[in-house]
Amino acid sequence: MKKTLVAMIGAIALSTTAVEAKDWEVVRLAVDVPYEPFEYKAPDGSLTGFEIDLGNAVCEEMKVKCEWVIQAWDGIIPGLLARKYDAIFSSMSINEDRAKKVLFSEPYYNTPTGFFGPKASEVDPAKPETLKGLRVGVQRGTIQDTYATDNYSKVADIKRYTTGDDLVVDLHGGRLDVVVIDFPVGVSTIIEVEKGADFKVLGDNVQLGEGVGVAARKRDGELIEVFNKALATVKTNGVYDKINEKYFDYSIKK
């Protein structure tokens, strides 16, 4: 299945057929909020973040109007299949299980998974025995959920949360011992905040999945082609790099 998925993505990337979003004057994009710095609400209530800016830039390139639809992560694929929106643009990692249900674009970023905990913690994620009896927080249905379940469920208590924001709140409140989350999200919401001095990165980051892509229904291959063409353009004309620099001190381009 992995080889099939890679071949599919490669075929889309190499396509030279001119693609226009003729039937897509409006595209509804699902996003799980908050997931700072990728998507979150500004003080005035408007949506902002790396993926919001990138999604708007891609929509402009596609010459369509994009409407953002907030959807909790654990229902985001069912909502897509139920036609509540047209695509998912929300840090969805490409993996074999999801590829059975949805059609992915080319990856548009890839960030490592990080482990975060109190400054006094002696946890080493590479040694599962150091997590024995601890409470490990993950966002339900993510690749971090799968990773933590596969590697630590025999020794630790895996706590699953609906939003990344909720598990960070419980770490800050002392109700979790370890949080497993996208590294940039952990840095932004755990380390670079008022209580950040009390927490640290635990051990080494790990690379999970094949990168993040736009997800659409299997029947909407034309829409994915349009996204691929627009993503390729913003990656080469400087727009992607400009948005990247706004939110990160390093490149997350895939």
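The values are calculated or read from the model by the stated rules, or taken from the named source; none is laboratory data. The shown structure was predicted, so the numbers you read here are calculated from the model rather than taken from an experiment. Reconstructed Cβ throughout: ideal geometry from the backbone, glycine too, with neighbour counts over all protein chains shown. Only protein heavy atoms, including side chains, enter the accessible area calculation; ligands, DNA and RNA are left aside. Shrake-Rupley method; radii C 1.70, N 1.55, O 1.52, S 1.80 Å.
Between residues in segment 113-140 that are touching a residue at least 40 places away in the same chain (Cβ under 8 Å) and farther than 11 Å from LEU202 by Cβ and residues that are surrounded by 15 or more Cβ atoms within 10 Å (Cβ to Cβ) and basic (Lys, Arg), which pairs lie under 9 Å by C-beta distance while being six or more apart or on different chains?
ARG135/LYS159; GLY137/LYS159; GLY137/ARG160; VAL138/LYS159; VAL138/ARG160; GLN139/ARG160; ARG140/ARG160
Just for segment 141-190: of the residues that are within 21 Å of ASP204 (Cα to Cα) and of a type in the set (Phe, Trp, Tyr), which one is surrounded by the most Cβ atoms within 10 Å (Cβ to Cβ)?
This residue is TYR152.
Could you list all residues from segment 43-77 that are touching a Pro at 6+ places or on another chain (Cβ under 8 Å) and either over 18 Å from TYR108 (Cα atoms) or in a helix (DSSP H, G or I) (or both)?
Of all residues in segment 43-77, those touching a Pro at 6+ places or on another chain (Cβ under 8 Å) come to 49-50.
Hit for segment 43-77 is PHE50, nothing else.
Just wondering, is there one or more residues in segment 34-43 that are crowded, with 20+ Cβ neighbours inside 10 Å, of a type in the set (A, V, I, L, M) and in contact with a strand residue (DSSP E or B) (Cβ under 8 Å, 6 or more places away or on another chain)?
no
Condition check ((1) of a type outside the set (Gly, Ala, Ser); (2) within 18 Å of VAL27 (Cα to Cα); (3) out of contact with any Phe, Trp or Tyr (no Cβ under 9 Å at 6 or more places or on another chain)) across all residues:
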site	(1), (2), (3)
GLY203	no, no, no
GLN207	yes, no, yes
GLY211	no, no, no
ARG219	yes, yes, yes
ALA230	no, yes, yes
ASN237	yes, no, yes
ASP241	yes, no, yes
TYR247	yes, no, no
ILE252	yes, no, no
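Sort out which residues of segment 11-32 are at pLDDT below 95 and either open to solvent by less than 30 Å² (accessible area, probe 1.4 Å) or among the basic types (Lys, Arg) (or both), and write them in order of number.
To start, the set of residues in segment 11-32 that are at pLDDT below 95 comprises 11-25.
Once the filter is applied, which keeps residues that are at pLDDT below 95 and either open to solvent by less than 30 Å² (accessible area, probe 1.4 Å) or among the basic types (Lys, Arg) (or both), segment 11-32 yields VAL19, ALA21, LYS22.
Across segment 217-251, which residue is nearest to VAL179 (Cα to Cα) among those that are part of a loop (DSSP other than H, G, I, E, B) and at pLDDT 95 or above? Before the answer, list the steps.
Of the residues in segment 217-251, the ones part of a loop (DSSP other than H, G, I, E, B) are 217-220, 237-238, 248-251.
So of that shortlist, the ones also at pLDDT 95 or above come out as 217-220, 237-238.
Working: ARG217: 31, LYS218: 33, ARG219: 37, ASP220: 36, ASN237: 37, GLY238: 34 Å.
Only one residue fits best here, namely ARG217.
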